[in-house]
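Data block below; observations after.
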Amino acid sequence: MEKSYQRQKPAIPEGMSKSAWKKEQKRLRWEENREKMREKRREKRKALKETRKLKNAHQPKRDKIEQQEAGYSVIVDCDFDSLMLEKEIVSMSNQLVTSYADNKKYPYRVDILVTSFGNRMKERFDRVLPHYQNWKPEHMKFTEKALESVLPEDLSKVVYLTADTDEKLETLEPGMTYIVGGIVDKGRHKLLCKNKADKLGIPTKRLPIDEYIKVSGRRVLATSHVVEMLIRKREFNSWKDVFEAVIPMRKVKKPSCGVTGDEKEEEESSNDCN
Ligand SMILES: C[S@@+](CC[C@H](N)C(=O)[O-])C[C@H]1O[C@@H](n2cnc3c(N)ncnc32)[C@H](O)[C@@H]1O
């Protein structure tokens, strides 16, 4: 007996061979399927568009954020090209890109001037990141001039930041310029910036990290982290909030664990920390 659920095949039209008929059936099925697939794709695209629209509606437009000036300036002193390995030049260049992006995205921006911008660092930018030539000067400027030739006459208006001093940086003052060393050295060149600042007669100060937050390992942070702190201090006001927002989690000591073997790991693996 023929089973009722079996699909009835259409009869082969008269005069058509069986193989031609099979081919024709296959073509029809494919046509039918193609239309369904098209419809599915259309729906998927529509849904994706809707999701993006919703997402964008809840996100502040990055370039359209109403920024205000923090009122103080930052110099990134890049006079250390010859002291860095090639991969450290790459890391330092990437940090400058990060600082530029940070200075665009937060509510307050600072004047950032990169001094001694030349040699391998500039070569890398020219070769790999040539669009930096179109960067907006209100977010970052570059000069081949050395720090010495852009300093104001009144050196009480500048501070060279370094972890190698006991003087604490308590507040950021309008009209001041804060200098950050633009170097990745993994702790090879201790006192480098402190000695340079002393030689130039520039006061030095350290970030008051230990006063507000428990960290493990060295207190030497990456240039881009220090620049980000200077940018965000105006927004947060409190150092504690700034440190908690910017210092990498693995550097922050959990209350129960004390200083651990992380200290060694810090020295060896913290590419982003110095
Ligand atoms: C990776 S560190 C460079 C370390 C380098 N050996 C030196 O002599 O400063 C990059 C720069 O970030 C700033 N910096 C890092 N940690 C700091 C801290 N705890 N306090 C103040 N400035 C700091 C300094 O300007 C420093 O030159």
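Taken together, the values in this text are just the output of simple stated rules run on the coordinates, not laboratory data. These figures come from a predicted structure and were not determined experimentally. Using ideal geometry, Cβ is built from the backbone for each residue, glycine included, and neighbour counts are taken over all protein chains shown.
Over 28 Å between C-alpha atoms is what I'm after, so list which of LYS141/LYS205; LYS18/LYS44; LYS190/LYS251; LYS53/LYS141 land there.
Table pairs above 28 Å Cα-Cα are LYS18/LYS44; LYS53/LYS141.
Please list, ordered by chain and number, the residues whose modelled amide H lies under 5 Å from the amide H of VAL215; skip anything fewer than 5 residues away on the same chain.
LYS253
Just to confirm a number: summing +1 for Lys and Arg and -1 for Asp and Glu over residues other than SER116 whose beta-carbon lies under 9 angstrom from that of SER116, what do you get?
-3
State the extension gain, in nm to one decimal, for the chain segment bounded by THR171 and LEU200, taking 0.36 nm per residue of separation less the distance between their alpha-carbons.
Contour length minus Cα-Cα distance gives 8.2 nm.
Could you tell me which of the pairs LYS46/LYS233; LYS49/LYS104; LYS186/LYS233; LYS157/LYS186 are separated by over 32 angstrom between their Cα atoms in the structure shown?
Listed pairs above 32 Å: LYS46/LYS233.
Can you list residues from other chains, or at least 5 along the same chain, whose modelled amide H is less than 5 Å from the amide H of ILE75?
LEU113, TYR178, ILE179, VAL180
So which GluC sites (Glu not before Pro) in region 154-256 pass both tests, a DSSP loop state and at most 16 other Cβ atoms within 10 Å of the Cβ?
Those that pass, being in a loop and sparsely packed, are GLU167, GLU170.
Given a 10 angstrom Cα cut-off, can you work out which residue in GLU35, GLU144, GLU86 is the most mobile in a GNM of the chain?
It is GLU35.
Of the residues LEU191, LEU54, LEU85, which exhibits the maximal mean-square fluctuation in a Gaussian network model of the chain defined by a 10 Å Cα contact cut-off?
LEU54
How long is the gain from ARG218 to LEU48 if the chain were fully straight, where each residue apart is worth 0.36 nm and the alpha carbon distance is subtracted?
Extending this stretch completely gives an extra 56.6 nm.
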